[in-house]
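The values are calculated or read from the model by the stated rules, or taken from the named source; none is laboratory data. Bear in mind that the values here come from a model prediction, so they are computed numbers and not experimental data. Glycine gets a Cβ as well: all are built from the backbone with ideal geometry, and neighbour counts include every protein chain shown.
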Amino acid sequence: MRHKHLFHAALLLMAAVLAGCANDDSTQNEGTQNNTATEAGIVTFASENPETRTTIEHSLGQGAKPYWSAGDKIWVKDTEGKFQQSGAGKFNSDMTHGVFTLSGTFSNGCTVHYTGANSTAGDKVTIANKQTQSQPNDFSHAGVSGDCGSATASGNGSSFKFRLDHKASYLCFLPRTSNEFVKRSTLYQIEIVSESPIAGTYDFSNGTLSNTPVSDASNTIMLTTGTMGFPITNSSTDITKNGAYVVIAPGNHTLTVRYWLHYKTATEDIKGTITKTFTLNCEAGKIYDITAKLDPTDYSYKKYYMWDCASGQDYWKGYESNQPKTKDAPAGSSYPKSESDPRWYNKQAFPAPAYRSCGGCPNVNETWWYIQYGDPHWDSEELWVMYEHLYTGGMWFKKKDYILTPNFNSNLAPDGKDYTTLAASAFYENNNAVIGRPDDIEKYFYLPALGSYNQGKFYNIGEDGNYWTCTPTPWNNSPGVATDGAYYLYFSLDHNGTKGTAKLYGGANRYKGFTWWEKK
C-alpha cells in the first residue's frame, strides 16, 4: 500500500472581502487604523478566489481543488470574542465565489472559522465516524463529514480580506484487483480503525483541531459507498472507477483499513473483508492517496494429507482431476485406500513423533497452549480463496511469543504434563472463543477453515478447520503399540453462531485428509 500527499496549502486558501453597511454612529475608532471596528446590522463577506471550500475535486497526482457547496456558512468572532454565524452563502454558477451576510461588530484581525456544513458552533468541529459518498471520485461530502478551516481577516474600515486554511486531513482510497471474484464484487463500505481517536467532536476555539476529541471520541470511521457499492473491475489504479474519500483528524495514526466486499451470484451471496494495515502521519490540510490491491489470500497451494505420509504425497497426488473441490461435490474415488499407496499415513507407534509431511507441525503440548491461552477468535469476515471459490471463516490464534502468564512451553502442556511422552490421552476444548478480528492483529496468526477429506468426500470448507499435530496418540496406554491415531487441532463456529470453539482431539483418524500448519 502506498500513499502520497498532494493537497498543498496553496490550494486550500479562501480569499474574501468584508464590507460593512453601517449607520453613522456605529463606527468605533480604537485609536489606530489597524484596530478599526465596524458595527453593522448587516456585514457581508464576499469570497474572491476560486480556491475555497467545501466540495473537493481531486486528480491523482495533480493535487486538489476545493469549491463552495450550497448551504455553506461561516463563523466570525466579534469584538466581544463571540462567534457569530453567517447566513447561507450565495454563490456564482461554478461555486467559486460566495457572499455571506451576518450581524455584529468586527475589527481588523477578526477570526473567521468554517466548522462544517452541519455546524452549530464556531469553536467546535465534528469529524463524523459515519460518512457517506454517493458516487466514485466525489468528495462533495467533505463539508458534512468534518472539513474545517480558519483565517484571520485583515483590512480597515468596511473592507476586509482573509485566507482560509483547511485544518482537517483527508484520505483518498484507490482500490484495484487482479482477482476475478473481486472484479465481480462491489465495494460497499470502507472501515478505518485506528489505535487512537480519528473522529469525534474537537475543540476549534484557536482555529486548530484539538489533539483529542472533547466528546464522542471514535477510533473508527465507516465510509458507506453508494447505494449498491462501487465497482472494482480495474486491475490498475483508476480514481474515476472507485476513488473513495474520508475526512480524518490530523495525527500520526496506525490504521487498519477493512474493505467490505459483496459477491453475489445465483448460488452464492458472500460479504466479507480484505484488510490492510499501515502507519500514516496525517497533516492538516493534506490529502493522502491510499492505493491497495484487493486480492484475497489464495490458499489453493495448501495440501491435505493423511497423517505424516511420505513427503510430497498429498491426499490427491496424481489424481487431481478426481479431487472434489467444493463441499457439495460427490466423493472422489482415487483417494489412498491401503498401505501400499505412497500417500498412506505413517503407522509408527507412540511416542515417536512425525518426521515426514507432519514433522514441522506443532506438537500436542503446543497445540493445547494455542487453544487455551492463545485467545482464539473466530473470524467470519475475512475473505479468502480456495480452488477458485471465495470463502470466509477461520480462526486467529495468538503467536507463541505473546502467550504469557503463563508462558508458552513446548515441553509441557498447560496442565503441567508432557503428552508427547505420557501414555495418557490429552483432550482440551475452548468453547468461548471470541467472534471477530483481534485488535492487536500483529500479535496473532490466522488459519482458514479449510475443512477436510474423509474417504474421498470433501467436508465443511469455510465451516471448520482440521490441522495435524506431529504427535501420535497412545493406544490403551501402551507405548510402542502401533495405532491409527494422531492429535489434531479442530476449530469452528458453534451451532448457535454466538461463539467460536477450538479443540484438541485425538483418535483413530490418521487416514483422514487434514491440513499441515506450523508453529508461529
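No other residue among TYR245, TYR288, TYR315 is surrounded by 15 or more Cβ atoms within 10 Å (Cβ to Cβ), touching a Gly at 6+ places or on another chain (Cβ under 7 Å) and not β-branched (Val, Ile, Thr) apart from TYR315. Yes or no: ALA284 under 21 Å from GLY465 (Cβ atoms), in a loop (DSSP other than H, G, I, E, B) and among the small types (Gly, Ala, Ser)? So ALA284 fails the test. Each residue in the range 412-445 was checked for being among the aromatic types (Phe, Trp, Tyr) and within 14 Å of TYR373 (Cβ to Cβ), and 2 of them qualify. The set of residues in the range 425-440 that are closer than 30 Å to SER196 by Cα and crowded, with 16+ Cβ neighbours inside 10 Å comprises ALA433, ARG437, PRO438.
In this structure, SER196 does not satisfy being over 19 Å from the mean Cα position of the chain (by Cα) and assigned to a loop (DSSP other than H, G, I, E, B).
Checked across the range 238-245, the condition of being in a strand (DSSP E or B) and touching a Cys at 6+ places or on another chain (Cβ under 6 Å) holds for at least one residue.
Here the strands (runs of 3 or more DSSP E) wholly within the range 372-419 that include at least 1 residues being in contact with an Asp or Glu (Cβ under 7 Å, 6 or more places away or on another chain) are 384-386, 394-398.
Please pick out the residue among PRO351, PRO376 that is over 39 Å from the mean Cα position of the chain (by Cα), outside the structural domain of ASP269 (by TED's automatic domain parsing), surrounded by 15 or more Cβ atoms within 10 Å (Cβ to Cβ) and under 20 Å from ALA426 (Cβ atoms). Give the steps one after another, and end with the answer.
Numbers: PRO376 fails: over 39 Å from the mean Cα position of the chain (by Cα).
Exactly one of PRO351, PRO376 is over 39 Å from the mean Cα position of the chain (by Cα), outside the structural domain of ASP269 (by TED's automatic domain parsing), surrounded by 15 or more Cβ atoms within 10 Å (Cβ to Cβ) and under 20 Å from ALA426 (Cβ atoms), namely PRO351.
Against the test of being out of contact with any Pro (no Cβ under 6 Å at 6 or more places or on another chain) and either at positive phi or not assigned by TED's automatic domain parsing to the domain that holds ASN219 (or both), the options SER154, SER196, SER178 yield a single qualifying residue, SER154.
Identify the residue in the range 202-237 that is in contact with a Pro (Cβ under 7 Å, 6 or more places away or on another chain) and part of a strand (DSSP E or B) and, among all such residues, is surrounded by the fewest Cβ atoms within 10 Å (Cβ to Cβ).
Of all residues in the range 202-237, those in contact with a Pro (Cβ under 7 Å, 6 or more places away or on another chain) come to 202, 209, 212-213, 217-219, 230, 232.
Subsequent filtering for residues that are part of a strand (DSSP E or B) retains 202, 217-218, 230.
On the way: TYR202: 28, ALA217: 16, SER218: 19, PHE230: 21.
Looking at the filtered set, the residue picked out is ALA217.
In the range 248-275, which residue that is at pLDDT below 95 and among the charged types (D, E, K, R) is farthest from PRO175 (Cα to Cα)? Among those residues, the one meeting the criterion is GLU268. Looking only at residues of the range 494-513 that are crowded, with 16+ Cβ neighbours inside 10 Å and of a type in the set (Ser, Thr, Tyr), we find that the one that is nearest to TRP344 (Cα to Cα) is TYR511.
Quick test for you: out of ASN407, ASN460, ASN476, ASN431, pick the one residue that is over 23 Å from the mean Cα position of the chain (by Cα), at positive phi and at pLDDT 95 or above. Show your work before the answer.
On the way: ASN407 fails: at positive phi; ASN476 fails: at pLDDT 95 or above; ASN431 fails: at positive phi.
Criteria check complete, one pass: ASN460.
On inspection, ASP308 qualifies as within 30 Å of ARG510 (Cα to Cα), charged (D, E, K, R), modelled with pLDDT of 95 or more and in contact with a Phe, Trp or Tyr (Cβ under 7 Å, 6 or more places away or on another chain).
Taken as a whole, the condition of being touching a helix residue (DSSP H, G or I) at 6+ places or on another chain (Cβ under 9 Å), of a type in the set (Val, Ile, Thr) and more than 30 Å from GLY122 (Cα to Cα) applies to THR256.
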